[in-house]
Amino acid sequence: MREQEQKLANVKKSCDVVRKVSKVFSIVIIVAAVLAIISMIGLLAAKDQINSNLVFDQATRQIYAAGDPSGFVTMEDVAVDVETGIFSFDYDGMKLINQGKFAELFALYSGMAALVCIFMAGIFITVQKTFEFIKNSETPFDEKVLHRLKVVFVAMTIVLGLLSGIGTAIVSGVIFWSVYCILDYGYVLQTEIDETL
């Protein structure tokens, strides 16, 4: 019985580590999302001032402050192009630059960064809550634990599919499904043991 208690203590310890790491990541990502949203709002609030003080030089492909031709941003390809996996977003930023809408373009970048951060924070918060639940349960082989893990595994497979492509999603989905089946088998054994006691 001592070995079983030690193994359960190790499971709880590892779940606590995952919970803490997930919490730290979620806080960092939430802060990044808030900063991106504040940047977007600030850019849109000061768009008239920003747009009137910036110039785009077609010859050098640089954006620079009016009166200062040293240029602080070089625009090789000003297309907002997020293409990862099956998710893609494409917007021709040159259209905004040619219209002198620099603040709007930078606000678009900030808004996209905020959306990605919010999505990732949601995943890390779900992982954190799931492993906190496992840590506080009597056994990791519990029906509620299995349900929560299934939600996390499905969410992570979807995120990997959106960010890395269908192939990565399929491989990770198969791995998560295998881990889930192992835990489900442990749940069945745990139930049988509990019924015999």
Out of region 156-165, which residues are open to solvent by less than 30 Å² (accessible area, probe 1.4 Å) and within 11 Å of the chain's Cα centre (by Cα)?
159
Expected output for region 177-197 (first residue surrounded by 11 or more Cβ atoms within 10 Å (Cβ to Cβ), partner assigned to a helix (DSSP H, G or I) and among the hydrophobic types (A, V, I, L, M, F, W, C), Cβ below 7 Å, 6+ apart or cross-chain) is 180/149; 180/153; 183/146; 183/149; 184/146; 187/146
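For region 121-131, which positions are crowded, with 18+ Cβ neighbours inside 10 Å, more than 9 Å from the chain's Cα centre (by Cα) and not polar (S, T, N, Q)? Break it down stepwise before answering.
Quick first cut of region 121-131, residues crowded, with 18+ Cβ neighbours inside 10 Å only: 121, 123-124, 127-128, 130-131.
Okay, now just the ones that are also more than 9 Å from the chain's Cα centre (by Cα), so 127-128, 130-131.
Hits for region 121-131 are 127, 131.
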Only one of (1) surrounded by 15 or more Cβ atoms within 10 Å (Cβ to Cβ); (2) not hydroxyl-bearing (Ser, Thr, Tyr); (3) not in a helix (DSSP H, G or I) does not apply to residue 138, and that is (1)
Suppose the filter is free of Cβ contacts under 8 Å to residues at least 12 places away in the same chain and either in a helix (DSSP H, G or I) or surrounded by 15 or more Cβ atoms within 10 Å (Cβ to Cβ) (or both); does residue 11 pass it?
no
Which condition does residue 118 not pass, out of (1) more than 24 Å from the chain's Cα centre (by Cα); (2) at pLDDT 85 or above; (3) open to solvent by 80 Å² or more (accessible area, probe 1.4 Å), if it passes all the others?
(1)
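Tell me, which residue of region 33-49 that is open to solvent by 40 Å² or more (accessible area, probe 1.4 Å) and in contact with a helix residue (DSSP H, G or I) (Cβ under 7 Å, 6 or more places away or on another chain) is modelled with the lowest pLDDT? Quick ask: steps written out before the conclusion?
Applying the first criterion (open to solvent by 40 Å² or more (accessible area, probe 1.4 Å)) to region 33-49 yields 34-35, 37-41, 44-45, 47-49.
Restricting the remaining residues to those that are in contact with a helix residue (DSSP H, G or I) (Cβ under 7 Å, 6 or more places away or on another chain) gives 37, 39-40, 44, 47.
Numbers: 37: 96, 39: 94, 40: 94, 44: 92, 47: 88.
So the residue we want is 47.
The values are calculated or read from the model by the stated rules, or taken from the named source; none is laboratory data. These numbers come from a predicted model, not from an experiment. Because the Cβ atoms are built from the backbone with ideal geometry, glycine has one as well, and the counts that use them run over all protein chains shown. Only protein heavy atoms, including side chains, enter the accessible area calculation; ligands, DNA and RNA are left aside. Shrake-Rupley method; radii C 1.70, N 1.55, O 1.52, S 1.80 Å.
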